[in-house]
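The values are calculated or read from the model by the stated rules, or taken from the named source; none is laboratory data. Note that the structure is predicted; figures quoted are calculated from it, not measured. In this analysis, Cβ positions are derived from the backbone assuming ideal geometry, glycine residues included, and neighbour counts consider all displayed protein chains. Note: accessible area is taken over every heavy atom of the protein model, side chains too, but ligands, DNA and RNA are not part of it. Shrake-Rupley method; radii C 1.70, N 1.55, O 1.52, S 1.80 Å.
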Amino acid sequence: MGKTFKTNSALRRFIMTIVFLTVTAIATSACGQNADGGQSGKLNITATTGMITDVAQQVGGEYVEVSGLMGAGIDPHLYKASQGDVKKLDEADIIFYNGLHLEGKMAEMFEALEKRKPTVAVSEYLTEEQLHTAPGQGAGMHDPHIWFNVKLWISATEVIRDTLVEKDASHADYYKDNAAAYIKELEELDAYATEQIATIPESSRILVTAHDAFGYFGEAYGLTVTGLQGMNTMSEYGSKDVSKLRDYLVEKKIKAVFIESSVPKKSIESVIEGARQLGHEVVIGGELFSDAMGDAGTVEGTYIGMVKHNVDTIVAALK
C-alpha cells in the first residue's frame, strides 16, 4: 500500500511538472510573439511607396508596425514584387497602395488580396474633378502623382485614418488625434510651398524634369511643368522628344532643368547637350524627389521633408 502511494505521488509530481513546463512554454511563446512587431497585438501594415509608408506610421503611431516595399530611388512604375514582398503582403493586416496604376505591375496582386483583407488605394476618396487625365494613356487613366498637391495628400491621410479606425476601433480616438495633428502639419506645408514658389519671378516659373511627374504640383503652386518622358517612366522617349524639349528650352530661355532621384539622369543630360549645341546654356538646377523619397533616417526620407526639399531646390534654381 505504501509503495503504491509513493508511486502515485511520484506520478502526480511528474504530471504536475509536465503541466508546469507546458504552461511556461506557452507563456514564453506568447511573450516572444508580443515582442515581435507583427504579432504584438499591433496592426501589421504593408505599404508600397515611401510616401504612403510615412503617413501610415504618422497616423498609426505606437499601435502599428509599418513595412514599406519601395525604398529610396525606387521607381514604382517599374517595380516588381519580390518573394519577400509577397510574404509581407500575405502577412499584413492592412495593405495601402497609391492606386491610379502607379504600381502597374502589382495591380492583379492587389485585386486578389482585397478579397482576403483590407487592401486600400489611398487615392480612393479623390473625385474625377480632382484628378488629372493622363494624355495618351487611354480612357479612365489618370496621373497617379497625387502626393505633389499637398491638399490631395491630406485626402490620402484621411483614407489611412478611416481604415485604421475601422480595423481597430478600440484605438479610434488615438488614430483620429494623430491624423488631425499631421493634417495640420500638411496644411502648413501647403502654405509654405505656395509662399515660396510665389517668390520666383512669374516668367521663370517653368519646371522641366526628366518625366512628367509634377503636374499636380504645378497646378497647385503656379508652375508650368513639362517633362521629357510622359507620366509613366515605362513610356519610351526618342530623338523627337529630345529635340522638342531642347527647342522649348531655347525658346523660353530656360536656364535650369532638374533631374530626379528615381530616374536616370542621362535622359535630361541629352537635352542639355542639345541646347548647348544651339548656343543656349542650361544647367542642372538640382535633384528632385519624384516617385520616391530620400534615404530612411534623413529629413528627405519623410514626406514633409521631401516636399520642402523639392520646393527649396526649385526656388533656389529658378528665382
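Filter the range 208-229 for residues that are under 22 Å from the mean Cα position of the chain (by Cα) and of a type in the set (Val, Ile, Thr) and give the result.
Matches in the range 208-229: 209, 225.
Among the candidates 242, 250, which residue alone is surrounded by fewer than 21 Cβ atoms within 10 Å (Cβ to Cβ), in contact (Cβ under 8 Å) with a residue 24 or more places away in the chain and touching a His at 6+ places or on another chain (Cβ under 7 Å)? Please lay out each step first, then the result.
Values: 242 fails: touching a His at 6+ places or on another chain (Cβ under 7 Å).
Of 242, 250, the one residue that is surrounded by fewer than 21 Cβ atoms within 10 Å (Cβ to Cβ), in contact (Cβ under 8 Å) with a residue 24 or more places away in the chain and touching a His at 6+ places or on another chain (Cβ under 7 Å) is 250.
Would you be able to say whether some residue in the range 122-143 is without any contact (Cβ under 8 Å) to a residue 24 or more places away in the chain, within 26 Å of residue 63 (Cβ to Cβ) and surrounded by fewer than 16 Cβ atoms within 10 Å (Cβ to Cβ)?
no
Quickly run through the range 177-200 and pick out the residues that are assigned to a helix (DSSP H, G or I), open to solvent by less than 20 Å² (accessible area, probe 1.4 Å) and in contact with a Gly (Cβ under 9 Å, 6 or more places away or on another chain).
197
Find the residue count for the range 262-319, including only residues that are within 19 Å of residue 240 (Cα to Cα), of a type in the set (Ser, Thr, Tyr) and within 25 Å of the chain's Cα centre (by Cα).
Matching residues across the range 262-319 total 1.
Filter the range 64-78 for residues that are over 21 Å from residue 181 (Cβ atoms) and open to solvent by less than 10 Å² (accessible area, probe 1.4 Å); which is farthest from the chain's Cα centre (by Cα)?
In this case the residue turns out to be 77.
Does residue 47 satisfy the criteria of being touching a residue at least 40 places away in the same chain (Cβ under 8 Å) and either among the polar types (S, T, N, Q) or closer than 25 Å to residue 176 by Cα (or both)?
yes
Of all the residues that make up the range 265-306, how many are open to solvent by 30 Å² or more (accessible area, probe 1.4 Å) and free of Cβ contacts under 8 Å to residues at least 40 places away in the same chain?
Of the residues in the range 265-306, 16 are open to solvent by 30 Å² or more (accessible area, probe 1.4 Å) and free of Cβ contacts under 8 Å to residues at least 40 places away in the same chain.
Might you let me know whether the range 47-63 holds any residue that is among the aromatic types (Phe, Trp, Tyr) and either modelled with pLDDT under 95 or open to solvent by less than 40 Å² (accessible area, probe 1.4 Å) (or both)?
No, there is no match, as no residue in the range 47-63 is among the aromatic types (Phe, Trp, Tyr) and either modelled with pLDDT under 95 or open to solvent by less than 40 Å² (accessible area, probe 1.4 Å) (or both).
Can you tell me how many residues in the range 270-308 are in a helix (DSSP H, G or I) and under 19 Å from residue 68 (Cβ atoms)?
The qualifying residues number 8.
Could you go through the range 146-157 and let me know if any residue there is surrounded by fewer than 17 Cβ atoms within 10 Å (Cβ to Cβ), at pLDDT 95 or above and over 13 Å from residue 52 (Cβ atoms).
Checking the range 146-157: at least one residue is surrounded by fewer than 17 Cβ atoms within 10 Å (Cβ to Cβ), at pLDDT 95 or above and over 13 Å from residue 52 (Cβ atoms).
Given (1) in contact with a Ser or Thr (Cβ under 7 Å, 6 or more places away or on another chain); (2) farther than 30 Å from residue 42 by Cβ, identify the lone condition not met by residue 179.
For residue 179, the failing item is (2).
Scan (1) closer than 25 Å to residue 318 by Cβ; (2) of a type in the set (Ser, Thr, Tyr); (3) assigned to a helix (DSSP H, G or I); (4) touching a residue at least 24 places away in the same chain (Cβ under 8 Å) for the single condition residue 203 breaks and write down its number.
With respect to (1) closer than 25 Å to residue 318 by Cβ; (2) of a type in the set (Ser, Thr, Tyr); (3) assigned to a helix (DSSP H, G or I); (4) touching a residue at least 24 places away in the same chain (Cβ under 8 Å), residue 203 is out only on (4).
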